[in-house]
1. State all residues of segment 356-382 that are under 25 Å from Val47 (Cβ atoms) and assigned to a loop (DSSP other than H, G, I, E, B); if no residue qualifies, say none.
2. Suppose we filter segment 100-109 for residues that are among the hydrophobic types (A, V, I, L, M, F, W, C) and either in contact with a Ser or Thr (Cβ under 7 Å, 6 or more places away or on another chain) or crowded, with 18+ Cβ neighbours inside 10 Å (or both); how many remain?
3. Identify the residue in segment 205-219 that is crowded, with 24+ Cβ neighbours inside 10 Å and among the aliphatic types (A, V, I, L, M) and, among all such residues, is nearest to Glu75 (Cα to Cα).
4. What strands (runs of 3 or more DSSP E) lie completely within segment 240-309 and have 1 or more residues being open to solvent by 10 Å² or more (accessible area, probe 1.4 Å)?
5. Restricting to segment 348-367, what's the tally of residues that are open to solvent by less than 10 Å² (accessible area, probe 1.4 Å) and either without any contact (Cβ under 8 Å) to a residue 60 or more places away in the chain or not charged (D, E, K, R) (or both)?
6. Of the numbered conditions (1) polar (S, T, N, Q); (2) modelled with pLDDT under 95; (3) touching a Phe, Trp or Tyr at 6+ places or on another chain (Cβ under 9 Å), Gln274 satisfies every one except a single condition; which is it?
7. All but one of (1) without any contact (Cβ under 8 Å) to a residue 40 or more places away in the chain; (2) closer than 29 Å to Ile73 by Cβ hold for Asp245, so report the exception by its number.
8. Scanning for something at positive phi, open to solvent by 10 Å² or more (accessible area, probe 1.4 Å) and in contact with a Ser or Thr (Cβ under 9 Å, 6 or more places away or on another chain), does segment 373-385 turn up at least one residue?
Amino acid sequence: MLGGGGLVAANVYASASEGGWSGQGSGDAAGASLRSAGMATIDCPDVGARLTDVPEAARGDVDRELAQLDQQIAEAYQRLQQSADALRQDPQAADNSVMNPLKDKRTATLGRIADAIGRAGNRPDQLDALAPCTLRPAEAAPGGESAAPSQSGGGQDQGGQGQNGGTGQGGNGPVAADYADINSVQPNAPKAPPGGTFRTECGVNENGLFNSDNVIVAPGVSNGAHHFHDYVGNQSNTAFASDQDLADARTSCADQGDRSTYYWPVLRLQNGKQERDAGAPGGGTEGNAGQIVTPKEVTLTFVGSPSGKVTEMPRLLRIITGDAKAFVNGPANANASWSCTGFEDRQLKDKYPLCPSGSDVVRSFHFQSCWDGRNADSANHRTHVAFADAQGNCPEGFKAIPQLVQRIVYDVDAPSLGDGGKGTPLFAVDSFPEQQHKPVTDHGDFINVFDEGLMRTMVDCINSGRDCGPGDDGKGDGGGDDDNGNGGTAQPSEQPGGGQNTAEPSATAEPEKPAESQPEKSEQPGKPEQSARPADTAPAGQPAQSDPADAPRVDATTAPANTTKNQGGTAQRDESSAPATAAAPQVSESAPAQAAAVTTPPPANLEPQAVGNGGLAETGANLWPAALGVLLAASGLVMLLRARRLRY
């Protein structure tokens with residue numbers, strides 16, 4: 001009986017003290033992991049960004065081969081992680097086991113790309129020069145990322161020992177140096193241009209539509225993104241959706257004339273829980289781990305040009321803003337901003353914000369607002385659109401179009417960096433594995449599937465200075481100055497996430513998550529009501545149109561700071577800060593570090609499961625010692641009773 005009871009007690013105690021990241025070790029171990037040295041990353045030339053002239057007939061083959069290059073990097077990064085212990089003993093071994101095989105695979109793929117282009121036009125020379133990749137040690141990141149403070153807003157790193165590294169739940173970031181206290185950032189967001197606006201309300205992905213495809217960059221390729229996306233609007237978003245599929249699809253937008261697709265990498269809480277994609281490509285097998293957070297609010301607003309009128313977007317126009325590979329490519333094309341409600345005149349490019357109590361995390365994208373007048377897409381998905389200059393003028397030969405501004409709000413707490421997120425979990429966006437969940441890699445995608453009549457209404461509203469939205473029929477109120485003397489801005493729905501979702505989920509949409517799967521945030525009695533109105537700020541730090549040969553194709557990075565919880569329970573703002581200026585936030589020049597991936601179709605269901613609390617197999621494996629203990633204890637009791645009967 002004593003032996004059986006001991007087994008029961010020992011097992012229950014062990015189960016209670018288990019947990020940590022993905023069930024591996026205790027919370028203290030997780031903290032030690034976060035404070036450990038940073039990771040090396042594989043840095044390969046971004047071939048897709050260099051291919052600015054691909055014949056239309058060759059684009060399908062080229063896109064598939066480019067997706068193969070991404071897959072090869074993901075697999076090499078995974079091998080790098082798996083052999084980390086051996087490589088610490090002999091760093092040179094990485095050449096033979098990881099880097100040289102990767103170069104050989106890339107050489108063969110680049111040859112197929114050159115052949116495909118040659119069959120439809122002029123075969124490019126010297127593509128094989130892009131085959132070699134570099135293994136970059138964490139401490140050798142350009143700009144000394146792990147040692148230098150954030151350059152986004154002048155804040156200093158406050159992460160203590162945690163600022164120099166960490167592996168996160170997925171084994172590939174983020175690190176404490178990827179976060180910054182919003183109070184340490186100086187106001188840096190320029191004012192929004194005056195004029196009319198047009199808003200569309202498409203929900204917050206309450207349909208649970210996720211996948212790791214990318215129909216723009218890797219059409220026809222499963223897991224082409226190597227990370228999961230949230231989708232709102234068009235409900236037929238897969239890598240295999242044709243233009244006709246998109247045109248015929250249902251939409252989650254309140255105005256059924258908007259079947260456009262809007263998507264971005266999901267945000268996850270690294271809280272030790274696992275989504276159903278924990279063992280699938282694009283998810284846990286590629287370092288994208290933790291509980292997916294449903295946005296509290298999504299605002300989609302189209303604004304005009306400060307230099308004149310805008311023209312209609314062409315139907316099926318594709319735009320990518322930001323660079324999903326900015327950690328290795330550099331920040332030239334990084335274009336996502338991070339802030340906090342109540343502090344949106346302060347924008348971060350290369351850090352996740354640590355928001356005070358009562359303030360929510362805000363993620364925003366300002367898309368390109370100039371179009372070449374001819375093409376709905378381009379070979380590198382960039383050169384057919386451009387950003388306007390500081391005065392709002394488009395490059396020569398380009399036309400001003402309505403600019404999409406996406407604002408996504410999350411009800412998440414500032415993570416506790418000192419203990420590796422044990423007290424309050426880390427949050428980070430999904431990324432390519434080698435990009436290590438850096439905030440600078442954040443990015444957004446848009447495909448215009450507006451009905452032509454609704455697009456005309458949008459342009460008329462913007463050019464006539466009105467603010468329009470669903471149900472306005474183009475008769476929105478005038479775009480006069482607001483209380484601050486700025487041009488009128490769109491008023492989103494008072495309900496978080498926009499209007500009613502009038503579309504039924506498509507066959508590809510995931511079922512709605514149960515309430516318990518949503519991330520919990522501690523009650524904050526003093527929390528002020530957050531306005532749904534987007535900040536009156538213009539695109540912060542829009543990159544100038546750079547040479548396509550140097551342009552990367554994806555997104556962003558981050559760093560740490562002080563405690564962000566205030567006693568009062570309300571967002572505390574630094575009243576000594578200067579008013580918002582037109583200065584754009586600076587992007588840290590620190591170079592990127594990355595993570596690893598593998599490829600296969602995503603699972604059909606993404607409901608989260610707590611580690612150790614969900615699967616029957618796992619539960620049985622963990623509790624069999626307790627079951628054995630109960631059996632032994634029961635046997636002891638039976639033997640004791642029989643002995644007593646024999647005695648008397």
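1. Once the filter is applied, which keeps residues that are under 25 Å from Val47 (Cβ atoms) and assigned to a loop (DSSP other than H, G, I, E, B), segment 356-382 yields Phe367, Gln368, Asp372, Arg374, Asn375, Ala376, Asp377, Ser378, Ala379, Asn380, His381, Arg382.
2. 1
3. Val215
4. Result: 267-270, 297-303.
5. The number of residues fulfilling the criteria is 12.
6. (3)
7. (2)
8. Yes, there is a match, as at least one residue in segment 373-385 is at positive phi, open to solvent by 10 Å² or more (accessible area, probe 1.4 Å) and in contact with a Ser or Thr (Cβ under 9 Å, 6 or more places away or on another chain).
The values are calculated or read from the model by the stated rules, or taken from the named source; none is laboratory data. Here the structure is a predicted model, which means the values were calculated and not measured. Ideal geometry is used to build each Cβ from the backbone, glycine not excepted, and the neighbour counts take in all protein chains shown. SASA here: full protein model, heavy atoms, side chains in, ligands and nucleic acids out. Shrake-Rupley method; radii C 1.70, N 1.55, O 1.52, S 1.80 Å.
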